[in-house]
Amino acid sequence: MQRAVQASPVVVPAPEGDGGHHRDGVPSTSLRIWSLAARPRTLTAAVAPVLVGTAAAAAYGAMRPLPALAALLAAVCIQIGTNFANDYHDFQRGADTHDRLGPRRVTQSGLVAPRTVRAAALCTFGIAFVIGIYLAWVGGWPILITGIASIIAGWAYTGGPWPFGYHGLGDVFVLVFFGLVATAGTTYVQMHAVPAASWIAAVPVGALATAILAVNNLRDIATDARAGKRTLAVRLGPNGTRAEYVLLLVVAFAAPFALLPFARPWVLLPLAAAPLAAAPLRLVFRCKGAELNAALGGTARLHLVYGVLLAAGLVL
């Protein structure tokens, strides 16, 4: 995913002696620019569900390393492809401007030509599709349908005639595709079945991925509203979005108890990640605008650590 295309970004030469960065802090090398576009901090949304889905298969003695690895690569490709597509479409629709509060977007910044970012998104989705052919071969037609639907959804999040990210459905997209679909799909491709434990474990994984999006959209309420991007946060307002964030955390930390009828008490291990929720939760209630970038990073870390602990609990 990280090396989707060999493209030539449009880069302004860095001043001499700046250590490889523009004066505004943007990395000047091609690799760093594409890393910026890929948004590596968001990739926990792709990694965590595959870890948990594989652990669920392992708990039933059905783990298959090659399909698990392929599922991870495909999920990361879909995540990066979605990030590239968002970078392109948000610029084209006027949602990304100089007022942007989040991490710099390469299209809006002029670091990469729009057509190149669009090509990168399509190539990355293409790589995911190729990997998906192997996954469909080992997992059957349900995996093929799931993979195609995930790619289409990744593009349609901000692209197409009716981008659902602009109509308040982005949170549903993340919960479904980076929670239920990714986790259960990873389990299915390894054991050709999805036990109840996998479905239940998918819920907190999706909830925390959605919490990442909720913080992102809380930060961007003002700029999104001006651009006509009617995210759920814009519709709910700041207080409603904060309530959504709390609800998602509650769901995540309540879910392990629902796993107890299907597994040993080790599945309560994710509760140890609760202290990591304190800092981002405090920031969500006290801060606004660019100050919420720290909460975004904290929520992503919580998501990854929770996923690792849940995977370990399922295996144990």
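In table form, for the structure just shown:
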{"item": "Leading residue by the ranking (modelled with the lowest pLDDT) among those in region 88-105 that are open to solvent by less than 20 Å² (accessible area, probe 1.4 Å) and of a type in the set (D, E, K, R)", "result": "D96"}
{"item": "Qualifying residue in region 178-194 (condition: over 23 Å from A312 (Cβ atoms) and in a helix (DSSP H, G or I))", "result": "no"}
{"item": "Complete set of residues in region 27-53 that are within 18 Å of the chain's Cα centre (by Cα), farther than 16 Å from R105 by Cβ and either of a type in the set (S, T, N, Q) or at pLDDT 95 or above (or both)", "result": "T44, V47, A48, P49, V50, L51, V52, G53"}
{"item": "Complete set of residues in region 143-161 that are part of a helix (DSSP H, G or I) and touching a His at 6+ places or on another chain (Cβ under 9 Å)", "result": "W155"}
{"item": "One residue from A295, A225 being farther than 30 Å from A197 by Cβ and touching a Pro at 6+ places or on another chain (Cβ under 7 Å)", "result": "A295"}
{"item": "Residues of region 163-172 satisfying the condition of being surrounded by fewer than 21 Cβ atoms within 10 Å (Cβ to Cβ) and either touching a Ser or Thr at 6+ places or on another chain (Cβ under 7 Å) or part of a helix (DSSP H, G or I) (or both)", "result": "F164, G168, V172"}
{"item": "Lone unmet requirement of (1) out of contact with any Asp or Glu (no Cβ under 7 Å at 6 or more places or on another chain); (2) of a type outside the set (A, V, I, L, M); (3) part of a helix (DSSP H, G or I) for T223", "result": "(1)"}
{"item": "Number of positions in region 261-316 that are assigned to a loop (DSSP other than H, G, I, E, B) and either open to solvent by 50 Å² or more (accessible area, probe 1.4 Å) or touching a residue at least 12 places away in the same chain (Cβ under 8 Å) (or both)", "result": "5"}
{"item": "Test result for A113, open to solvent by less than 50 Å² (accessible area, probe 1.4 Å) and at pLDDT 95 or above", "result": "no"}
{"item": "Filter result (farther than 30 Å from A58 by Cβ and either modelled with pLDDT of 95 or more or open to solvent by less than 10 Å² (accessible area, probe 1.4 Å) (or both)) within region 69-87", "result": "F84, A85, D87"}
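The values are calculated or read from the model by the stated rules, or taken from the named source; none is laboratory data. Computed from a prediction, not measured in an experiment: that's the story for all the values here. Note that each Cβ is placed from the backbone with ideal geometry, even for glycine, and that neighbours are counted across all protein chains shown. Ligands, DNA and RNA are stripped out before the accessible areas are found, and what is left, the full protein with its side chains, is counted by its heavy atoms. Shrake-Rupley method; radii C 1.70, N 1.55, O 1.52, S 1.80 Å.
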